[in-house]
């Protein structure tokens with residue numbers, strides 16, 4: 001990989017998305033192949049790690065992980081690279097099985113503010129393809145699309161996502177083609193060990209509660225496994241520890257927004273609720289939770305506008321137990337995705353995390369005790385007071401008592417097995433970091449960030 005500083009060199013930002021389908025292929029694997037090609041056959045310098053940008057996970061027509069790729073390079077061969085990218089996107093995408101790939105190319109040092117704002121919205125909102133095309137025309141972004149071309153939205157969003165704030169890394173290992181579709185042989189004990197030994201510098205490798213490996217997909221795609229963590233050195237070292245007997249094609253380190261809650265940074269007033277949006281709501285419980293069949297929990301909240309909305313906490317998240325202990329008046333933050341295709345309501349807020357900010361006193365009215373016998377009195381009927389059945393002593397009113405609350409202030413997250421790519425693990429709160437975008441200063445990437453075996 002070149003480190004040239006030719007005066008003729010240009011910064012080229014390459015974004016692509018939606019190259020895979022339910023039948024196979026993988027957008028990150030296409031990035032791996034692209035990096036291999038650009039490194040060996042062009043005079044290009046990577047000015048950042050390849051970016052794996054996860055977008056709004058509530059989009060129903062998303063690809064499997066709703067992840068888009070951005071490659072930022074310095075090159076004096078932009079035309080050759082664009083020609084190659086158009087060709088590889090057309091030939092390597094699974095268009096026959098429903099992929100709708102899109103490619104975006106932007107040349108220039110600085111990313112326009114409008115594109116960065118577009119990218120930010122793509123984390124939590126629904127963006128139409130016409131809006132993406134209009135912005136591309138305004139900003140002189142070259143776009144290429146196939147099928148329905150939905151991939152241009154993610155492609156442009158990945159370029160606009162500088163990940164200057166919190167970010168993580170993932171080392172993804174790829175299988176040779178002859179192994180695609182076969183069972184991945186992963187040593188569970190090794191994954192459990194790295195989960196312990198590298199903590200807190202890796203995350204979501206192993207779910208010890210459910211004895212479940214979390215680093216590998218289950219489909220026929222080319223990914224063998226991926227190790228997520230805080231720095232390139234740690235994820236590469238952990239990956240080498242779990243590399244199997246199976247011969248792999250290679251691996252590549254991505255810089256990502258995984259594990260950052262980036263899709264939940266937008267405060268979402270209830271009056272602005274729209275289908276498929278994501279964000280967080282600061283609200284008050286207005287209807288006591290009920291547990292329905294399957295262990296799911298339903299309740300109702302209102303925000304500063306006094307608008308009310310139903311909320312669902314689904315059993316697989318493991319949040320039902322704490323949610324069921326809420327009462328009217330409790331102040332909470334909830335990270336949510338909006339669903340309007342729910343059997344329990346025309347629209348509902350699906351909870352991704354629950355933060356309890358303030359709890360109400362739970363006051364209940366009970367029959368009074370007899371001051372003579374110490375026994376609980378019985379009601380004489382509506383508005384007729386209470387009487388002790390032993391000594392006949394009478395009292396007129398129920399007794400108000402405060403029930404102890406079996407609930408604590410704090411943040412509650414789903415089980416690890418229910419985490420989305422973007423879900424921020426509890427131990428990452430306080431570990432946020434920055435990565436300033438400086439296109440004219442070539443950053444020193446980790447020496448082993450890309451490897452072909």
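The values are calculated or read from the model by the stated rules, or taken from the named source; none is laboratory data. Values in this document were obtained by computation on a predicted structure and should not be read as measured data. Cβ: placed from backbone, ideal geometry, glycine included. Neighbour counts: every protein chain shown.
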* Residues (without any contact (Cβ under 8 Å) to a residue 40 or more places away in the chain and over 11 Å from residue 416 (Cβ atoms)) located in region 198-210 -> 201, 202
* Asked: Is there a residue being in a strand (DSSP E or B), touching a helix residue (DSSP H, G or I) at 6+ places or on another chain (Cβ under 8 Å) and over 16 Å from residue 354 (Cβ atoms) anywhere in region 268-286?
  -> no
* Would region 362-374 turn up any residue that is outside any strand (DSSP E or B), in contact with a strand residue (DSSP E or B) (Cβ under 6 Å, 6 or more places away or on another chain) and within 30 Å of residue 273 (Cα to Cα)? -> no
* Does residue 91 fit the bill of being surrounded by fewer than 17 Cβ atoms within 10 Å (Cβ to Cβ) and more than 19 Å from residue 124 (Cα to Cα)? -> yes
* Which of (1) more than 30 Å from residue 336 (Cα to Cα); (2) in contact (Cβ under 8 Å) with a residue 12 or more places away in the chain; (3) out of contact with any strand residue (DSSP E or B) (no Cβ under 7 Å at 6 or more places or on another chain); (4) surrounded by 11 or more Cβ atoms within 10 Å (Cβ to Cβ) is the odd one out, the single condition residue 450 does not satisfy? -> (3)
* Structure fact -> Going through region 30-64 in order, the residues found to be at pLDDT below 95 and either crowded, with 24+ Cβ neighbours inside 10 Å or not assigned by TED's automatic domain parsing to the domain that holds residue 77 (or both) are 38, 44, 63
* To do: Residues being more than 25 Å from the chain's Cα centre (by Cα), modelled with pLDDT of 90 or more and surrounded by 15 or more Cβ atoms within 10 Å (Cβ to Cβ): count how many of those fall in region 328-378.
  => 3
* **helices (runs of 4 or more DSSP H) enclosed by region 88-161 - at least 1 residues per element that are free of Cβ contacts under 8 Å to residues at least 24 places away in the same chain** => 113-122, 129-139
* To do: Residue by residue through region 27-54, note down the ones that are assigned to a loop (DSSP other than H, G, I, E, B) and either closer than 17 Å to residue 232 by Cβ or touching a strand residue (DSSP E or B) at 6+ places or on another chain (Cβ under 6 Å) (or both).
  => 47, 48, 49, 50
* Would you mind stating whether residue 237 is over 21 Å from residue 31 (Cβ atoms), buried (at least 18 other Cβ atoms within 10 Å of the Cβ) and outside the structural domain of residue 419 (by TED's automatic domain parsing)? => yes
* **Test result for residue 292, surrounded by fewer than 17 Cβ atoms within 10 Å (Cβ to Cβ) and assigned by TED's automatic domain parsing to the domain that holds residue 267** => yes
* Asked: Counting only residues that are farther than 29 Å from residue 316 by Cα and under 21 Å from the mean Cα position of the chain (by Cα), which one in region 206-234 is surrounded by the fewest Cβ atoms within 10 Å (Cβ to Cβ)?
  -> 231
* Asked: Can you tell me which of 441, 411, 390, 348 is more than 29 Å from residue 195 (Cα to Cα) and in the same structural domain as residue 322 (by TED's automatic domain parsing)?
  -> 348
* Unmet requirement for residue 419, which otherwise passes all of (1) surrounded by 11 or more Cβ atoms within 10 Å (Cβ to Cβ); (2) touching a strand residue (DSSP E or B) at 6+ places or on another chain (Cβ under 8 Å) -> (2)
* Residue among 181, 147, 154 that alone is assigned by TED's automatic domain parsing to the domain that holds residue 16 and at pLDDT below 95 -> 147
* Structure fact -> Checked 100, 58, 120, 110 against criteria (under 30 Å from residue 423 (Cα atoms) and touching a strand residue (DSSP E or B) at 6+ places or on another chain (Cβ under 7 Å)); the one match is 58
* Asked: Taking the stated definitions as given, is residue 199 under 25 Å from the mean Cα position of the chain (by Cα), outside any helix (DSSP H, G or I) and more than 24 Å from residue 70 (Cβ to Cβ)?
  -> yes
